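**Student:** If you scroll down you'll find the structure; I have some questions about it.
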Amino acid sequence: MPLEDDFCDILKKSRVGRGLSLDDVARMTGLSRNDLAAWERGETVRRREEVHRLAEALQLRAEPLARIAIDHWEPIPQRLPDGVEAVRGSVGGYGVWGYVVFDDGEAVVIDTAYNAPAIIDGLRSRRLKLVGICLTHGHADHAEGIDRLLHHREVPVYLGREDRDLLGWRPRSDLLVAPTDGHVIRVGRRTISCLLTPGHTPGGICYRLDDRDDPVCFVGDTLFAGSIGRSNPSTLYAAHLKSVRERVLTLAPNCRLLPGHGPATTVAEERAHNPFATVE
């Protein structure tokens with residue numbers, strides 16, 4: 001599966017996040033403004049040295065950025081762990097992932113994938129009892145359809161308090177839960193821990209499936225393979241980097257990261273290959 005973000009996406013996200021114009025970056029790097037604009041439109045950069053100059057100006061990691069831009073790096077394919085199913089949806093052709101975690105007859109939904117009917121069909125076919133809906137953030141492609149899921153069965157909806165206003169449809173207040181950092185959600189014999197990760201949105205949350213031998217973290221749009229989601233608003237960029245670097249990439253190296261878009265990856269892969277990881 002190709003990366004969610006191309007070189008052009010990474011450039012624009014980092015430039016806008018740092019509050020820089022194309023003219024600013026041109027002055028900092030000595031590169032042509034026209035070239036910069038073309039690269040952000042998706043034209044190919046061919047010289048590694050140019051990528052390195054951009055990385056220095058944007059405070060990104062140079063070689064990981066070059067491996068994406070020139071070598072077309074992709075992460076090693078990851079299998080889903082036992083008891084986790086992916087649900088794929090589409091918003092006008094734009095793919096999005098949701099997940100169902102199940103154990104001992106119970107299930108928790110992590111993001112709706114804009115495809116609540118498929119989730120409900122899966123719950124019924126497996127005869128699973130829905131016990132919770134975990135939203136990584138409030139954007140429609142991840143939250144649309146919670147009304148249908150709650151019509152199927154009323155359960156708590158976990159969402160950062162700061163993201164409630166992003167919902168197109170809001171559940172009753174007694175069903176909305178704003179978890180604290182480290183809050184534990186139980187599904188069968190398994191536990192899911194909440195990691196507060198503001199950045200993509202003010203109330204972003206990642207959900208770690210606690211399994212010492214086979215750890216998994218559902219990261220929504222906090223992190224993509226080789227990139228991060230867009231910081232909304234851009235003033236959250238610094239907080240977003242802090243969440244990625246100090247919350248997500250400090251998990252166990254073998255922890256699989258399941259994002260809302262694009263391929264799965266691991267903490268070890270992202271430490272080695274993500275341009276937004278800590279600049280050494």
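**Student:** Just to check your reading of the model, which residue among Thr201, Thr191, Thr180 is buried (at least 18 other Cβ atoms within 10 Å of the Cβ), of a type in the set (Ser, Thr, Tyr) and at pLDDT 95 or above?
**Tutor:** So the residue among Thr201, Thr191, Thr180 that is buried (at least 18 other Cβ atoms within 10 Å of the Cβ), of a type in the set (Ser, Thr, Tyr) and at pLDDT 95 or above is Thr201.
**Student:** With the structure loaded, tell me whether Asp174 is of a type outside the set (Gly, Ala, Ser) and out of contact with any Ser or Thr (no Cβ under 9 Å at 6 or more places or on another chain) or whether it fails that test.
**Tutor:** yes
**Student:** Still on this structure, please answer the following. Can we say Gly83 is within 23 Å of Leu257 (Cβ to Cβ), under 19 Å from the mean Cα position of the chain (by Cα) and surrounded by 15 or more Cβ atoms within 10 Å (Cβ to Cβ)?
**Tutor:** No, not satisfied.
**Student:** A further question on this structure: Sort through Arg190, Arg208 and tell me the only one that's closer than 17 Å to Thr266 by Cα and not aliphatic (A, V, I, L, M).
**Tutor:** It is Arg208.
**Student:** Further question: Exactly one condition in (1) assigned by TED's automatic domain parsing to the domain that holds Arg126; (2) in contact (Cβ under 8 Å) with a residue 40 or more places away in the chain is false for Val100; which is it?
**Tutor:** Going through (1) assigned by TED's automatic domain parsing to the domain that holds Arg126; (2) in contact (Cβ under 8 Å) with a residue 40 or more places away in the chain one by one, Val100 breaks only (2).
**Student:** Inspect region 139-150 for any residue being within 25 Å of Ala268 (Cα to Cα), modelled with pLDDT of 95 or more and buried (at least 19 other Cβ atoms within 10 Å of the Cβ) and give the result as yes or no.
**Tutor:** No, every residue in region 139-150 fails to be within 25 Å of Ala268 (Cα to Cα), modelled with pLDDT of 95 or more and buried (at least 19 other Cβ atoms within 10 Å of the Cβ).
**Student:** Working only within region 184-198, note down all residues that are among the aliphatic types (A, V, I, L, M) and within 21 Å of Asp104 (Cβ to Cβ).
**Tutor:** Val184, Ile185, Val187, Ile192
The values are calculated or read from the model by the stated rules, or taken from the named source; none is laboratory data. The model shown is predicted, which means the values in this text are computed figures rather than measured ones. Every residue, glycine as well, gets a Cβ built from its backbone with ideal geometry; the counts of neighbours run over all protein chains shown.
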